[in-house]
Amino acid sequence: MTSENPLVATTRGPVRGERRADGSCRFLGIPYAQPPVGPLRFAAPVPPEPWTEPLEATAYGPTAQRRPFAEVTTIPEPSIPGDGVLNLNVFTPGTDHGVGLPVLVWIHGGGYLAGSAASPWYDGAAFNRDGVVLVSLGYRLGIEGFLHLDDAPDNRGVRDWIAALEWVRDNIARFGGDPAKVTIAGQSAGGGAVQTLLAVPSARGLFRAVLSVSGAVMRPDGPEVARAVSRLFTARTGRPATAAALRDLSDDELLDLQDRLGEPGPDREGLPPMLSLAPFADGELIPEPVLDALTRGDAGDGVPLMLGFTAHEFNMIPGPGDGPDGPPLPLLLGSLGLTEDRAAAFAETYAAAAPSGLFGQALTDVTFRAPSLAVADARAARSQPTWLYQFDWTSPVNGQAYHCLDLPFAFDLLDAEGVEAAAGPTPPKELADALHRAWVRFVTDGDPGADWPAYTATTRATRIWDAPPRTEEDPLGPLRAIWLD
């Protein structure tokens, strides 16, 4: 350590960060709640015990992720051991108190089962360069974060997000940020997280704008489904779905039980095919299903929302009908809720696509594209400030605009670890410049700029992120006709 490294007094104690070569500073692994172990393992987050000596915040803290998420390795996401997983990272242009810079709070994805705030794809350097403070946070995952337990508070992972936002409210001015200029953002599960927070009354006032990237929300959603998942957990593992029965298990033991819960089988009928462990409407913290709140209610009214998706999110996933002996595509589409006529429209719309990718396209549509379009349409009908996009640039690696590909462009980190493997050796810098600039404008002003008009009921203006970017009127009409109308 050198005397040049910045020292900041937080409300719980002093933290010493690291000054970077460009003059910006980063503070890593700051606890925003006590380690969720022992009696706190399945409890609501509790503020950290105060400390007096400087906490060395120069290395990423422990992650709730103990194992990577299946074979999905697009984003480098380290697993870091340790109990204090409820920590966050602050990247700031400087620590002058009262500067009042806009703040972007980032919630990582990973299907609510995995993911890590320590990814090099989430470094805040480019945002700092452009006058934005970036905060990234860790939270409890899987069983510990989201399984309904009869003797524990529901939606513990959501409570973690709120606790981190309360830390930002109380401390970010000490790092040069303005607590009144907070935008929350996330991708995949993180995109679902920020949509969820729009529907949480106790989170109101903790942010002023929302940016949802490929947001994934549990469907169906409600206490009945959550209790059914808990019953399935007990039936498959023999363990009661209670904190008392699970609290003393090791991480590996709990993850083995979680794997058994996630296995396919006829006993899953009526349960979500994906995201069984995810935020759900518990009637208290989350009063009603998130998509209902955003499409049929008034949750988030008045809050600027930017949301969108990639064109081929999950197209790389092989479908059960890809083999010669698999079920036919119409049957698979019916399992996703399409009538015979709509299934025919789907097949016609994607007639040029490879047959092996059609089930993945259907998953892409039903999980990401159609729900986001429904939210945009509903908000436009209420004249709420909304900006919709689709990321269309296709990677030369696999010829698709697939899940996570847009992140290094938005963070302007094309040189980061793992980007070449995902986007090829020469991803277009002009696309990164344009997309990152739109994010910075949105975080700063609540509006991404004049070249991207708001989505309204009459124009349905949609930003197409490609090289070069463009704006089109209602390019997603066929998607609406298949899944929504």
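Every read-out reported here was derived from the displayed coordinates using simple, explicitly stated rules and does not represent laboratory data. Keep in mind that this is a model prediction, so the values were computed, not measured. Methodologically, a virtual Cβ is constructed for each residue, glycine included, from the backbone with ideal geometry; neighbour enumeration extends over all protein chains shown.
Summary of computed values
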| read-out | value |
| --- | --- |
| Local electrostatic count, V90, Cβ distance below 10 Å [Lys/Arg +1, Asp/Glu -1] | +2 |
| J(HN,Hα) series, the stretch 100-105, from Karplus relation 6.51 cos²θ - 1.76 cosθ + 1.60, nearest Hz, glycine and proline x | x, 6, x, 10, 10, 9 |
| Per-residue Cβ neighbour rank within 10 angstrom, fewest leading, S136, S250 | S250, S136 |
| The stretch 1-74: GluC sites (Glu not before Pro) in DSSP coil with no more than 16 other Cβ atoms inside 10 Å | E4, E71 |
| Per residue convex hull volume, Cα atoms of the stretch 372-477, in Å³ | 101 |
| Compactness of the stretch 7-483, expressed as Rg and Dmax over alpha-carbon positions, Å | 21.5, 67 |
| Contact order normalised by residue count of the stretch 7-483, Cα under 8 Å, 6+ apart, percent | 13 |
| Theoretical ellipticity at 222 nm over the chain - DSSP helices of four or more residues, -39500 (n - 2.57) apiece, nearest 500 | -8000 deg cm²/dmol |
| Of the GluC sites (Glu not before Pro) in the stretch 243-298, those whose Cβ has at most 12 other Cβ within 10 Å and which sit in DSSP loop | E269, E284 |
| Length-normalised contact order of the stretch 150-265 in % [C-alpha pairs under 8 Å, at least 6 apart] | 23 |
| Segments 341-348, 448-455 sorted - mean Cβ within 10 Å per residue, highest first | 448-455, 341-348 |
| Gain upon complete extension [E53, L7; 0.36 nm per residue less C-alpha separation] | 15.5 nm |
| P(r) histogram, all alpha-carbon pairs of the stretch 169-302 included - 5 Å bins from 0, percent | 2, 9, 15, 17, 16, 14, 11, 8, 4, 1, 0 |
| Model label zone, I317; criterion: amide N under 11 Å from point 7 Å along Cα-to-beta-carbon; scope the stretch 415-453 | none |
| Candidates per trypsin sites (Lys or Arg not before Pro) in the stretch 159-214, loop by DSSP, up to 14 other Cβ within 10 Å | R204 |
| Fraction of antiparallel bridges per DSSP, the stretch 99-183 only, in percent to nearest 5 | 0 |
| Charge context of A293, other residues only, Cβ under 11 angstrom, K/R +1, D/E -1 | -4 |
| The stretch 242-371, relative contact order in percent, only Cα pairs under 8 angstrom and at least six apart counted | 24 |
| Dipole magnitude of the stretch 337-485 about its Cα centre (Cβ charges: Lys, Arg +1; Asp, Glu -1), debye to nearest 20 | 340 |
